[in-house]
Amino acid sequence: MYKTQADALEFLQVFLGHLSETPEDREVVLCVPFTDLSALSKKLHDGQVMMGAQNIHWEKEGAYTGEISGLMLKELGVRYVIVGHSERRQYFGETDETVNLRLKAAQNYGLTPILCVGESKQQRDAGETEALIASQIEQDLSGVDQTNLVIAYEPIWAIGTGDTCESTEANRVIGLIRSQLSNPNVPIQYGGSVKPGNVDEIMAQPEINGALVGGASLDPKGFARIVNYQ
């Protein structure tokens, strides 16, 4: 929940200026608050950077005050949508059941969902990481088309806490996630305190296909450095 429309446009101007050297096959997606989507849509049309939303409701329309439908996102040129982010699960009661409904809704409207899975520090300390993520994958992806999907592994204990997940450990868990999929070619991202200083090491891991960047994406120059990882 950052950046007004004016802030977002100012960010975009600086950010785009640092992408001249970015490889053409590198997908860059900005998942911005709903209020910024319209303003950015006009600037990003047919450009190198695609637009994503931070959530989607499972119904086309209805009495769901405060929610946004796939039809509304599609109209604005949104291509991706985050589903099941740890903060949605932690603070807003998102369950594997509602995550599954949102994933299917995104795909029904031709959007590519970015499914977030991951464990808390309490769950990791209790040795429950593998079982929890296996359960999330099984429930969340029931009936979901794995040819139009991105998955992000976000260890909740490594988000904004100062604790870091070693890149080799992130690679191990992402390998476990991949082994559970019917489509092994699903892009799997790592998300958990990704910064300009550690992105090169993270992206060198063989199982990791991308990064889901949180706080470090707020600075346009720093985020461009992440996008331009070596």
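Only the coordinates and a few stated rules stand behind these numbers; no lab work does. Nothing here was measured: the structure is a model prediction, and the numbers come from that model. Cβ placement follows ideal geometry from the backbone for every residue including glycine, while neighbour counts extend to all protein chains displayed.
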Quiz prompt | Length gained when the stretch Thr65-Ser135 is fully extended (0.36 nm per residue, less Cα-Cα span) | solution = 22.2 nm
Quiz item: Roughly how big is the chain's charge dipole about its Cα centre, with Cβ charges of +1 (Lys, Arg) and -1 (Asp, Glu), in debye to the nearest 20?
Solution: 440 debye
Practice problem: In a Gaussian network model over the chain where Cα atoms closer than 10 Å are linked, find which of Gln54, Gln107, Gln13 has the largest mean-square fluctuation. | Solution: Gln13
Practice problem: Give, in nm to one decimal, the length gained when the segment between Glu201 and His18 is fully stretched (0.36 nm per residue of separation minus the Cα-Cα distance). | Solution: 63.8 nm
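Rule-of-thumb check for region 32-120: C-alpha Rg over 2.2 N^0.38 Å?
On the way: Rg = 12.9 Å, N = 89, 2.2 N^0.38 = 12.1 Å.
Normalised Cα radius of gyration, region 32-120: 1.07.
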Exercise. Run the dipole for region 38-175 about the Cα centre, Lys and Arg Cβ at +1, Asp and Glu Cβ at -1, nothing else charged, and hand back the magnitude in debye, nearest 20.
Key: 600 debye
Self-check item: Net length gained if the chain between Asn148 and Lys42 were fully extended (0.36 nm per residue, minus Cα distance)
Solution: 35.6 nm
Quiz prompt | For region 121-184: Kirkwood Rh in Å [reciprocal of mean 1/r, alpha carbons] | solution = 12.8 Å
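Starting with the highest mean, order 207-216, 3-12 by the number of other Cβ atoms within 10 Å, averaged over the residues of each peptide.
Values: 207-216: 19.0, 3-12: 15.6.
Per-residue Cβ counts within 10 Å, averaged per peptide and sorted highest first, yield 207-216, 3-12.
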Practice problem: Any chance you could check the Cα centroid distance between region 1-47 and region 178-230 for me, in angstrom? | Solution: 18 Å
Quiz item: How do His18, His57 rank when sorted from fewest to most other Cβ atoms within 10 Å of their own Cβ?
Solution: His18, His57
Quiz item: In units of 2.2 N^0.38 Å, what is the alpha-carbon radius of gyration of the chain?
Solution: 0.97
Quiz prompt | Cleavage-rule hits (chymotrypsin sites (Phe, Trp or Tyr not before Pro)) in region 32-68: DSSP loop, at most 12 neighbouring Cβ within 10 angstrom | solution = Tyr64
Quiz item: Pairs Lys43/Lys221; Lys121/Lys221; Lys121/Lys195; Lys104/Lys221; Lys42/Lys104: which exceed 29 Å Cα-Cα?
Solution: Lys121/Lys221; Lys104/Lys221
Self-check item: Lys/Arg +1, Asp/Glu -1 at C-beta; region 114-191 dipole; positive extreme among Pro187, Gln122, Ile137
Solution: Pro187
Quiz item: Taking only C-alpha pairs under 8 Å that are 6+ residues apart, what is the relative contact order of the chain in percent?
Solution: 16 percent
Quiz item: What percent of all Cα-Cα pairs in region 13-74 falls in each 5 Å bin, counting up from 0?
Solution: 3, 15, 24, 21, 14, 10, 7, 4, 1, 0
Quiz prompt | Most mobile listed residue (Arg102, Arg26, Arg178) in the chain, GNM with C-alpha springs under 10 Å | solution = Arg26
Quiz item: Could you put Cys31, Cys116 in order, starting from the residue whose Cβ has the fewest other Cβ atoms within 10 Å?
Solution: Cys31, Cys116
